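Asker: Take this structure, written in structure tokens, and hold onto it; I'll ask about it next.
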Amino acid sequence: MTVDYAELRRELVERLEWLGVIRTEKVKKAFLKVPRELFVLPSYRREAYEDTPLPILEGQTISAPHMCAIMCEALDLNPGDKLLEIGTGSGYHIALCAEIIQGDKDASNGILVTVEIYPKLAKFAKENLEKAGYGALVNIVVADGSLGAPTRISFDKILVTAAAPEMPPSLIEQLNPGGRLIIPVGRFYQDLKLVIKGAGGEIHVKSLGGCVFVPLKGEYGVK
Ligand code: SAH
């Protein structure tokens, strides 16, 4: 029996809108476009549109769709943004971001960088992103992202998809004035924090509620 993934994707988007986690047209369009079935392990393809995290390689998980939606909405992604993700995993979340930032063929000035600590996952994500048509839009770097991205540029938006015991200072530094950073902070259960940097560099932090992510590794990660 063949599976109608596009239909399952539409049903998932309806549920996420009903839950109130997809709130804007731009996020909705991205969810309708990105094929999550290409970012899960082949043995989990049938579960690709369940609203749940699923195992990938190295004991890591692809985040639940509702969590990706909450984070995309809170970041207020826009065409042309410079975005940094820490925790590439499957590549699904950065594909959603790429769809919003670079989906419009005229908006070609955005930048998407994603940092992954496990080479095997960086390779997995690269293959997934290529299959789904986002290979050319996303720069994958293998490094310890708890130290920030090993790039000279700073970013308008930063998305951290692993739980940090505390806010990594290098990430605050790499955020442009007027920028937004979203990060789960805590050990076993986390608080999803939205950091907004004011035009003068002042930091405002808002709590968006409880969440559970895999631990951030590395220098500013969970020891
Ligand atoms: N955004 C991913 C979810 C990934 S789960 C997706 O859409 O599938 C968290 C990821 O963070 C894992 O792949 C893990 O290996 C990675 N990670 C953990 N600590 C890291 C660090 N210090 N630097 C970079 N990546 C890290």
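The values are calculated or read from the model by the stated rules, or taken from the named source; none is laboratory data. Bear in mind the structure is a predicted one, so any value in this text is a computation, not a measurement. Virtual Cβ from ideal backbone geometry, glycine too; neighbours counted across all protein chains shown. The protein model used for the area step is the full one, side chains on, heavy atoms only, and it has no ligands, DNA or RNA in it. Shrake-Rupley method; radii C 1.70, N 1.55, O 1.52, S 1.80 Å.
Asker: Separation between the GLU166 and GLU50 pseudo-spin-labels, each 7 Å from Cα along Cα→Cβ, expressed in nm?
Answerer: 3.8 nm
Asker: How far apart, in nanometres, would the label points at LEU57 and ARG187 be if each is projected 7 angstrom from Cα along the Cα-to-Cβ direction?
Answerer: Between LEU57 and ARG187, the label points sit 3.1 nm apart.
Asker: If I take R0 = 35 Å and measure r between the Cβ atoms of LYS131 and GLU202 in this structure, what FRET efficiency does the formula 1/(1 + (r/R0)^6) give, to the nearest 0.05?
Answerer: Values: r = 42 Å, r/R0 = 1.21.
For R0 = 35 Å, the calculated efficiency reads 0.25.
Asker: Which loop GluC sites (Glu not before Pro) in segment 27-123, with loop taken from DSSP, have no more than 15 other Cβ atoms within 10 angstrom of their Cβ?
Answerer: Numbers: sites: GLU37, GLU47, GLU50, GLU58, GLU73, GLU85, GLU99, GLU116; in loops: GLU50, GLU58.
The qualifying sites are GLU50, GLU58.
Asker: Ok, one more. Given the options PRO169, LEU12, THR2, identify the residue whose Cα lies farthest towards the positive end of the charge dipole of the chain (+1 on Cβ of Lys, Arg; -1 on Cβ of Asp, Glu).
Answerer: Comparing the listed Cα positions along the dipole, PRO169 ranks first.
Asker: Continuing with this model, one more query. Can you give the charge dipole size of segment 1-80 about its Cα centre, rounded to the nearest 20 debye, using +1 on the beta carbon of Lys and Arg and -1 on the beta carbon of Asp and Glu? Each step should come with its number before you reach the end.
Answerer: Numbers: 11 positive and 13 negative charges, 41 e Å.
It works out to roughly 200 debye.
Asker: Quick check: convex hull of the Cα atoms in segment 73-168, volume per residue, rounded to a whole Å³? Numbers along the way, then the final one.
Answerer: Working: hull volume 8.9 nm³, N = 96.
Each residue corresponds to 93 Å³ of Cα convex hull volume.
Asker: Provide the per-residue ³J(HN,Hα) series for segment 166-171, in order, calculated from phi with Karplus coefficients 6.51, -1.76, 1.60 and θ = phi - 60°, each as a whole number of Hz, with x at glycine and proline positions.
Answerer: Residue by residue, segment 166-171 yields 8, 5, x, x, 4, 6 Hz.
Asker: For segment 184-223, which whole-number percentage of the solvent-accessible area (1.4 Å probe, protein heavy atoms only) is attributable to carbon and sulfur atoms? All intermediate terms of the calculation are to be shown ahead of the outcome.
Answerer: Numbers: 1420 of 2430 Å².
It is 58 percent, rounded to a whole number.
Asker: When 1/r is averaged over all different Cα pairs and the result inverted, which Kirkwood radius in Å belongs to segment 1-72? Please list the in-between numbers first.
Answerer: Numbers: mean 1/r = 0.0798 Å⁻¹.
Mean inverse Cα-Cα distance, inverted, gives 12.5 Å.
Asker: Among DSSP beta bridges lying fully in the chain, give the percent that are antiparallel, nearest 5. Numbers along the way, then the final one.
Answerer: On the way: 15 of 34 bridges.
Once the DSSP bridges in the chain are tallied, antiparallel ones form about 45 percent.
Asker: With no solvent and one equal point scatterer per Cα, compute the Debye intensity ratio I(q)/I(0) for segment 176-223 at 0.13, 0.29 Å⁻¹ and report its log10, rounded to two decimals.
Answerer: At q = 0.13, 0.29 Å⁻¹ the computed log10 ratios are -0.35, -0.98.
Asker: Over the Cα atoms of segment 12-52, Rg to Rh with Kirkwood Rh, two decimal places? Kindly include the intermediate steps, with their values, before the conclusion.
Answerer: Values: Rg = 11.1 Å, Rh = 11.0 Å.
Over the Cα atoms of segment 12-52, Rg/Rh equals 1.01.
Asker: Per residue Cα convex hull volume for the chain, in cubic angstrom?
Answerer: On the way: hull volume 25.9 nm³, N = 223.
Cα-based convex hull of the chain, divided per residue, equals 116 Å³.
Asker: Give a residue-ordered list of calculated ³J(HN,Hα) values for segment 49-63 (Karplus: 6.51 cos²θ - 1.76 cosθ + 1.60, θ = phi - 60°; whole Hz; x for Gly, Pro).
Answerer: For segment 49-63, the Karplus-derived couplings read 10, 6, 7, 8, x, 9, x, 10, 8, 6, x, 9, 9, 7, 5 Hz, x marking Gly and Pro.
Asker: Can you work out the accessible area per residue across segment 61-206, with the rest of the protein chains kept in place, probe 1.4 Å, in square angstrom? All intermediate terms of the calculation are to be shown ahead of the outcome.
Answerer: Working: 5770 Å² over 146 residues.
I get 40 Å² per residue for this part.
Asker: What 222 nm value per residue comes from the helices of the chain, counting each DSSP H run with n ≥ 4 as -39,500 (n - 2.57) and dividing by all residues, nearest 500 deg cm²/dmol? Write down the numbers at each step before the final one.
Answerer: Values: 6 runs with 64 residues, N = 223.
The per-residue figure over the chain is -8500 deg cm²/dmol.
Asker: Let me ask something else about it. Which loop-located chymotrypsin sites (Phe, Trp or Tyr not before Pro) does segment 117-223 contain, where loop means any DSSP state but H, G, I, E or B and the Cβ has at most 10 other Cβ atoms within 10 Å?
Answerer: On the way: sites: PHE124, TYR134, PHE155, PHE188, TYR189, PHE213, TYR220; in loops: TYR134, PHE188, TYR189, PHE213, TYR220.
Answer in residue order: PHE188.
Asker: Taking the Cβ of SER207 as the centre, find all other residues whose Cβ is under 10 Å away and add up their charges (Lys, Arg: +1; Asp, Glu: -1).
Answerer: Values: positive: LYS193, LYS206; negative: ASP191.
Residues near SER207 contribute +1 overall.
Asker: Of all trypsin sites (Lys or Arg not before Pro) in segment 1-110, which ones are in loop regions per DSSP and have a Cβ with at most 11 other Cβ atoms within 10 Å? Let's see the in-between values first.
Answerer: On the way: sites: ARG9, ARG10, ARG15, ARG23, LYS26, LYS28, LYS29, LYS33, ARG36, ARG45, ARG46, LYS82, LYS105; in loops: ARG23, LYS105.
Those that pass, being in a loop and sparsely packed, are LYS105.
Asker: Please report the base-10 log of the normalised intensity I(q)/I(0) for segment 1-120, using a Debye sum with one equal scatterer per alpha carbon and no solvent, at each q in 0.10 (1/Å).
Answerer: Summing over Cα pairs of segment 1-120 leads to -0.29.
Asker: Below 8 Å between Cα atoms, with a sequence gap of 6+, how large is the relative contact order for segment 182-223 in percent? List each step's numbers first, then the result.
Answerer: Values: 61 pairs, mean separation 14.3, N = 42.
Rounded, it is 34 percent for segment 182-223.
Asker: Take the Cα gyration tensor of segment 91-223, multiply each eigenvalue by 5, square-root it, and list the three semi-axes largest first, rounded to whole angstrom.
Answerer: In descending order, the three semi-axes are 23, 19, 14 Å.
Asker: Please quote Rg/Rh for segment 137-183 to two decimal places, taking the Kirkwood radius as Rh and restricting both calculations to Cα atoms.
Answerer: On the way: Rg = 10.5 Å, Rh = 11.3 Å.
Looking at segment 137-183, the ratio lands at 0.92.
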